[in-house]
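This report concerns only the one structure given below.
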């Protein structure tokens, strides 16, 4: 049961509901604190789609409601600007019940977090493939002035058709748009937030690359690079502590540690990360030994 359902009135069963005279809700794919994702049928085009419904907590005030609506529309606009096969395609935005519903391409498959949890860690070569796919989406997003700000294993889908898809641009920052976090609230998963963001500095594309390094670390090690049990302790470690050497990274070690460089000026950029990941795939990367404990 989601936080929304616990906090609000009992959830009405929306299964079978027709949105905008077109999208028939069939089944819930997932729920979170602020939203529900449905599998639906586009009855006009005869295809399956995913529909993201914004849900409001109980007793929400109008200002917060407007902020959440703005965030949802921001997500739709951010995704729509990205042209990449590893980004979800947005088809439509529907306004019903005084809230937006985002109609998107449906991606069948597990998240990377689920794969790690249920099937185990990835080998370095497969992790490099995932890394390159995510890097491609980030490059497309950064060219459009969009920072994802929440790159983590649960936001990467391993599609059944073989695609690797970066999802959830809900807290993306779009260049030229007013920030939704002007209150000073830090958004994102603490284990994957870059040191400069943790310090409250204005992030650039390098912040997303740091998060990609954390994602690759988790893919081969099974745990994030930093996890101290609480958000404050984890963020403090991100800012001040060296990362524990990845023991199972093999040829990925150089790119992981290069992306997890605390100083964004010294961090691997897109081109260098791409070259190192490509070397892993081609088998020309040097096999690195982890430092003994």
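Among the residues of the range 58-114, the ones that are more than 26 Å from residue 191 (Cα to Cα) and either in a strand (DSSP E or B) or without any contact (Cβ under 8 Å) to a residue 60 or more places away in the chain (or both) come to 32 in all.
Residues in the range 29-47 that are in contact with a strand residue (DSSP E or B) (Cβ under 9 Å, 6 or more places away or on another chain) and modelled with pLDDT under 85 were compared, and the one that is surrounded by the most Cβ atoms within 10 Å (Cβ to Cβ) is 35. Condition check: under 26 Å from residue 26 (Cβ atoms) and buried (at least 22 other Cβ atoms within 10 Å of the Cβ). Does residue 102 satisfy that? Spelling it out, residue 102 is indeed under 26 Å from residue 26 (Cβ atoms) and buried (at least 22 other Cβ atoms within 10 Å of the Cβ).
Condition check ((1) farther than 25 Å from residue 107 by Cβ; (2) in the same structural domain as residue 85 (by TED's automatic domain parsing); (3) crowded, with 22+ Cβ neighbours inside 10 Å; (4) modelled with pLDDT of 95 or more) across all residues:
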site: 147; (1), (2), (3), (4): no, no, yes, no
site: 172; (1), (2), (3), (4): no, no, yes, no
site: 188; (1), (2), (3), (4): no, no, no, no
site: 202; (1), (2), (3), (4): yes, no, no, no
site: 236; (1), (2), (3), (4): yes, no, no, yes
site: 240; (1), (2), (3), (4): yes, no, no, yes
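Inspect the range 50-69 for any residue being under 19 Å from the mean Cα position of the chain (by Cα), modelled with pLDDT of 90 or more and surrounded by 15 or more Cβ atoms within 10 Å (Cβ to Cβ) and give the result as yes or no. Yes, the range 50-69 contains at least one residue that is under 19 Å from the mean Cα position of the chain (by Cα), modelled with pLDDT of 90 or more and surrounded by 15 or more Cβ atoms within 10 Å (Cβ to Cβ).
Checked against (1) touching a helix residue (DSSP H, G or I) at 6+ places or on another chain (Cβ under 7 Å); (2) over 25 Å from residue 192 (Cα atoms), residue 103 passes all but condition (1).
Look at the range 40-57: where a residue is within 16 Å of residue 90 (Cα to Cα) and in the same structural domain as residue 23 (by TED's automatic domain parsing) and a partner is exposed (fewer than 15 other Cβ atoms within 10 Å of the Cβ) and modelled with pLDDT under 90, sitting 6+ places away or on another chain with Cβ atoms under 9 Å, you get 53/14; 53/97.
Checked against the criterion of being part of a loop (DSSP other than H, G, I, E, B) and in the same structural domain as residue 214 (by TED's automatic domain parsing), the candidates 138, 122 yield just one match: 122. Of all the residues in the range 213-224, those that are more than 11 Å from residue 127 (Cβ to Cβ) and surrounded by 24 or more Cβ atoms within 10 Å (Cβ to Cβ) number 2.
The values are calculated or read from the model by the stated rules, or taken from the named source; none is laboratory data. The structure presented is a predicted model; accordingly, all values stated were derived computationally and were not measured. Reconstructed Cβ throughout: ideal geometry from the backbone, glycine too, with neighbour counts over all protein chains shown.
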